[in-house]
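Student: Here it is: the structure, laid out below.
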Amino acid sequence: MTSELKAIELVLTQAERDRACAILNRYAPGCRAFVFGSRVVRCADDYRRIKTHSDLDIALTGPALTLAQMDDMREAFSQSDLPMRVDIAHVEDLPAEWKKRAWPL
C-alpha cells in the first residue's frame, strides 16, 4: 500500500526549477516542458526512487528544434550550476506510461 500525497510534487528546489526554465526559455522558445522520471513524485513511496545522482528528465512539446538548438541547449545545461545531469526528449518519443507520469515544469 502506498502513502498518497495531497498533490504531485517535483523534486527540485525553486532555484533549480528557475534555472532549468531560464535555459529552456532561451534555447527552446515556444516549447512546453514536462518533467518525467524519478523527480515526479505522486506518492510518498516514490521518494525511494530518488538518489542524489538522479537526473532531471525533461520532455518538450511544441515547435521542432534544430540539431544546433538541441546541442546548444544540452551544452547550456551541462555548463549550468544545476547539481544533476539533464536529459532532454520530445514528448512524442516517450513510452505511454512515461507520458502519464509527465508533469509541467
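The values are calculated or read from the model by the stated rules, or taken from the named source; none is laboratory data. These figures come from a predicted structure and were not determined experimentally. Every residue, glycine as well, gets a Cβ built from its backbone with ideal geometry; the counts of neighbours run over all protein chains shown.
Student: Kindly establish whether Arg19 is part of a helix (DSSP H, G or I) and modelled with pLDDT of 90 or more.
Tutor: yes
Student: State all residues of region 39-94 that are small (Gly, Ala, Ser), modelled with pLDDT under 95 and surrounded by 14 or more Cβ atoms within 10 Å (Cβ to Cβ); if no residue qualifies, say none.
Tutor: If the condition is that a residue be small (Gly, Ala, Ser), modelled with pLDDT under 95 and surrounded by 14 or more Cβ atoms within 10 Å (Cβ to Cβ), then Ser54, Ala89 are the ones that fit.
Let's see how each residue does on (1) outside any loop (DSSP other than H, G, I, E, B); (2) among the small types (Gly, Ala, Ser):
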site: Ile23; (1), (2): yes, no
site: Ala33; (1), (2): yes, yes
site: Ser38; (1), (2): no, yes
site: Ala59; (1), (2): yes, yes
site: Phe77; (1), (2): yes, no
site: Leu82; (1), (2): no, no
site: Asp87; (1), (2): yes, no
site: Lys100; (1), (2): yes, no
